[in-house]
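The values are calculated or read from the model by the stated rules, or taken from the named source; none is laboratory data. Predicted model, so just to flag it, every value in this text is computed and none were measured. Every residue, glycine as well, gets a Cβ built from its backbone with ideal geometry; the counts of neighbours run over all protein chains shown.
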Amino acid sequence: MKYSNQIPFLRVFVVAAHDLIMACLAFEISILARYEIIGYPQEIFFLWPGTLSFVLICSFTFWKLGLYRGLWHYASITDLLTIAKAVTFSILLFIPLMFLITRLESFPRTALFFLFPLLVIFLSTPRLLYRIIKDRNLENIFEKNTKNKIQVLMVGADNESERFIREANRHSSSPYKVIGIIDNSSKNIGRDIRGVRVWGTLIDLEKIILKLNSKNLNPQKIILSNSKINPDKLNSLLNNSQRLGLTVSKLPRITELFNADRTDKLNLPIYSTLQPLALEDLLQRPQQILNNDRIDSMFNNQKILVTGAGGTIGSEIVRQIINLNPSKICILDNNEFALYKIETEINERYPNLNKSIILGDIKNNNVINRIFDDFKPDIVFHAAALKHVPLVEDNPTEAIKTNILGTKNIANAAKNSDCKVMVFISSDKAVYPSSIMGQTKRIAEYYCQSLALSSKKESKNTSFVIVRFGNVLGSTGSVVPLFQRQIALGGPITVTHPDVTRYFMTSKEAVKLVLHASTIQENDEYLNRIFILDMGEPIKIQDLARQLIRMEGLEPDKDIKISYIGLRQGEKIHESLFYDEEVLVETKIAGIREAKLFAPDLNEINTHLEHLKTLSDAGKSNNAIKLLNKMVNEYTKPIN
C-alpha cells in the first residue's frame, strides 16, 4: 500500500501550488534585492531560466521531504525544521545545476543569502497564521523531541491526538513517543500531524506495524482519542492489538476531567491521564441528546428521598441529584457500610448539602411512615430491592417482603404524603418472569399501576412512574466484577451458557434517563404504562468475558479458560424488556419508550398481598411461591 497516493489530491494541489508560488516569489525578490543593493535595478523575471529551474528543484525536494503532507492546523516547530531542511536542499541542488548550465557567470551568488531566510519565512508564515487563526492563540506552538520513550500509535487524526503529541514532545518527563496515527477514515492517510504520519485505517493495523518495523520502529501501545469507533471495529482492534502484543489505553473525555473528584487532573499533562479501555467503551452506545432544562426545573429546590441509596443505581441517582440543587436530600438504606460510603462521598463533594442519612429497612412500615412524616419528600426514587436471582430463589419470603411489600410501603407513604412523583426502578426480569426475583418485581409494577389508577379516582396528586431496564455494567452482584475477580485469580471464568445474552447499560446513562422519565407529566393516558429504557442490542455474555480477558492483555482460552456451568435456577438464556404482545410507543424523550399494560384492581391485589405477607411472616415459603405464581399468571394480561 502506498499511503502517499491516498492523500486527497485537491488539498495537496493547493498546498503545492502555494509553496511553489512562494519559491518563485522568494527567488525573484532575492535577485531584485541584490541588484537594488549592489549594482543596477533590473526588471522582474530577467533571470527567468534560473527562476524556473529553482521552482522545479523545489517541487522535487518539497515533495520528497513531505512538505505537502503536513496539516496546517497543527503546524509546529517540527514543520519549521522540515521547511528549513527543504529550502537548504533546494539551494544546494540549485547551485551545482546552475554551475553546469551557466558556470554561474550571469547569476548573482550573493542573492542566495537573501533567498534562504526569505523562502523559509514565506513558507512558514502562512502555516503559522493558519494555526493561530484556528487555535486563536500562540500557545503550544513549540515542542521538544525526546528519545528512549515508549513508542505508541494514536487512533484518530483529531484535536485530542494533536494535543497528546504536542504535550508528549514538550515534556521531558513524558514516557511516550508517538510514531504514527491510525484514523477511522482514509481521507487523512499520508498526512502529518506535528511530523507524525497518518499511516492508515484500523483495518490496516498489521500492515502498519510491519511498515514501522521496517523503519526500526517498534510500537508497544495503542492510545485511543475520543474519535467515535463502532463496536465491531473496536472489538477487532482489541483482538488484533492483543495478537500483536500491543496494550490499549484511551484518553479521558473532557467531561470526566471536570468531575468534582478529579479536578486535580485538569492541571496534569494529558499523557498522565491515560485510562485503561473500559467495558462501556465496547458498548459504544450513542448517547441520547436530552433536554437538561427539563430535569433542572424538576428537581431544583425540591426535597428528594432515595431508597436503596447505597446500591449501584441508588448511589448514582444521589450523585446526579445533588448536582441539581435540591433543597434537601434523604438517603435511605439498610446496609450500614453502603450508606457510609455514599455519605462519605457526598461530604467530600458537597459538605454543606442539606441531607438526612437514614439507616432503615423499607420492610418496616412504621419506620417508612415516620420518615415520610418527618421529611415530607417532594420526589421519591425507589431503588431498594433484592436483585440477585440465585440468592432470591433460596430466600423467597425475604424477596416478597422487600420487593413487593417494601415497595407497597413506599408507594402508600408517597401517596398519603402527597408526593409529587414516585419513581419505581423495575427490571427486565419482570418480563416473562422465570425467577422469584422477576415475579416480585412484576407484582410490584402492578401494585404501583393500580395505586396510580386509585389515586386518580381519589384526586390525589402523586404521579407514579415505573422505569424498566436491564443489567447495569459493574453493578454489585453483576457478572463484570465476578469475571474481573476470576481473571485476577487466573481463571477460569464461569459462564452459565454459551448462548446466554443480557441487556447492558452504564449506571450514568440509565440514571440520566430515569431522571428524565420522572419529568413526564402524568395524565389518564400514562396511568397504566411502564417506561422502558432503550438499551440497544443484547450482548452475549461469553463475548463480554472474552473482551474482559483481552483488556487485561491476556488471551481467552489460552491464558484464561472459559468454563460453562449451566443455567442456575430462575435464570433464562435471553431476557426481554417487554412482552411480544405489547406495542412500544416512543415518548417525547429520546431513549425512553412506553408500553401499556394490564393493571389489576387495587382491592384485589391488596387482598393477595395481605395473604402473601401472612405466609411470608409465617415462613411458609412453598405456599407463598404458589400464591406468587398465581398472581403473576392472573395479572399478566398485556393489552393488544
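Mind counting the residues in segment 422-471 that are at negative phi, of a type in the set (Phe, Trp, Tyr) and either more than 36 Å from the chain's Cα centre (by Cα) or outside any strand (DSSP E or B) (or both)? Number of matching residues: 2. One residue stands out in segment 171-219 among those that are in a helix (DSSP H, G or I) and among the acidic types (Asp, Glu): the one that is surrounded by the fewest Cβ atoms within 10 Å (Cβ to Cβ), namely Glu206. Within segment 617-631, residues that are under 19 Å from Arg442 (Cβ atoms) reach partners that are hydroxyl-bearing (Ser, Thr, Tyr) and at pLDDT 90 or above with beta carbons closer than 6 Å, at six or more positions or on different chains, in the pairs Ser621/Thr397; Ala624/Thr397; Ala624/Ser616. Residues of segment 595-618 that are at pLDDT below 90 and either basic (Lys, Arg) or farther than 29 Å from Phe469 by Cβ (or both): Lys596, Asn603.
Please give the number of the condition Asp418 fails out of (1) without any contact (Cβ under 8 Å) to a residue 60 or more places away in the chain; (2) at negative phi. Going through (1) without any contact (Cβ under 8 Å) to a residue 60 or more places away in the chain; (2) at negative phi one by one, Asp418 breaks only (2).
Filtered by the rule that a residue be surrounded by fewer than 20 Cβ atoms within 10 Å (Cβ to Cβ) and in a helix (DSSP H, G or I), segment 499-509 gives a lone residue, Lys508.
Per-residue answers, yes or no, for (1) surrounded by fewer than 16 Cβ atoms within 10 Å (Cβ to Cβ); (2) modelled with pLDDT of 75 or more; (3) not in a helix (DSSP H, G or I):
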| position | (1), (2), (3) |
| --- | --- |
| Phe27 | no, yes, no |
| Ser30 | no, yes, no |
| Ser53 | no, yes, no |
| Ile57 | no, yes, no |
| Tyr68 | no, no, yes |
| Thr82 | no, yes, no |
| Thr88 | yes, yes, no |
| Ile91 | no, yes, no |
| Phe107 | no, no, yes |
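The criterion of at least 3 residues that are under 20 Å from the mean Cα position of the chain (by Cα) and at pLDDT 90 or above is met by the following helices (runs of 4 or more DSSP H) wholly inside segment 260-326: 312-321.
Within segment 400-429, the set of residues being touching a helix residue (DSSP H, G or I) at 6+ places or on another chain (Cβ under 7 Å) and charged (D, E, K, R) comprises Lys401, Lys408, Lys415, Lys429.
For beta carbons closer than 6 Å, sequence separation of 6+ or different chains, a first residue in segment 532-554 that is over 19 Å from Asp499 (Cβ atoms) and a second that is of a type outside the set (Phe, Trp, Tyr) and in a helix (DSSP H, G or I), the qualifying pairs are Leu533/Leu513; Arg550/Leu238; Arg550/Gln242; Glu552/Ile487. Restricting to segment 376-404, and then to whatever is basic (Lys, Arg) and either part of a helix (DSSP H, G or I) or farther than 24 Å from Phe299 by Cβ (or both), can you tell me which residue is nearest to the chain's Cα centre (by Cα)? Among residues in segment 376-404 that are basic (Lys, Arg) and either part of a helix (DSSP H, G or I) or farther than 24 Å from Phe299 by Cβ (or both), the one nearest to the chain's Cα centre (by Cα) is Lys387.
What are the residues in segment 199-209 that are of a type in the set (A, V, I, L, M) and either touching a residue at least 60 places away in the same chain (Cβ under 8 Å) or closer than 17 Å to Lys221 by Cβ (or both), if any?
Across segment 199-209, the qualifying residues are Leu202, Leu205, Ile208, Ile209.
Scan segment 411-420 for residues that are surrounded by fewer than 24 Cβ atoms within 10 Å (Cβ to Cβ) and either of a type in the set (A, V, I, L, M) or assigned to a helix (DSSP H, G or I) (or both) and jot them down.
Those that are surrounded by fewer than 24 Cβ atoms within 10 Å (Cβ to Cβ) and either of a type in the set (A, V, I, L, M) or assigned to a helix (DSSP H, G or I) (or both): Asn412, Ala413, Lys415, Asn416.
For Asn395, are the conditions met, namely being over 17 Å from Ile329 (Cα atoms) and either surrounded by fewer than 24 Cβ atoms within 10 Å (Cβ to Cβ) or modelled with pLDDT under 90 (or both)? Criteria met by Asn395. The residue pairs whose first member lies in segment 484-509 and is at positive phi, whose second member is small (Gly, Ala, Ser), and whose beta carbons are closer than 9 Å, counting only pairs six or more residues apart or on different chains, are Gly491/Ser563.
Within segment 510-525, being buried (at least 19 other Cβ atoms within 10 Å of the Cβ) and at pLDDT below 80 holds for one residue alone: Ile520. Looking across segment 403-428, the residues that are touching a Lys or Arg at 6+ places or on another chain (Cβ under 8 Å) and farther than 15 Å from Ala383 by Cα come down to Lys415, Ser417, Asp418. Checking each residue in segment 327-375 for being farther than 24 Å from Lys408 by Cβ and either assigned to a loop (DSSP other than H, G, I, E, B) or among the acidic types (Asp, Glu) (or both) picks out Ser327, Glu336, Glu343, Glu345, Glu348, Tyr350, Pro351, Asn352, Leu353, Asn354. State whether the residues of segment 555-562 include one that is modelled with pLDDT of 75 or more, in contact with a strand residue (DSSP E or B) (Cβ under 6 Å, 6 or more places away or on another chain) and either closer than 28 Å to Val511 by Cβ or of a type in the set (Ser, Thr, Tyr) (or both). No, that holds for no residue.
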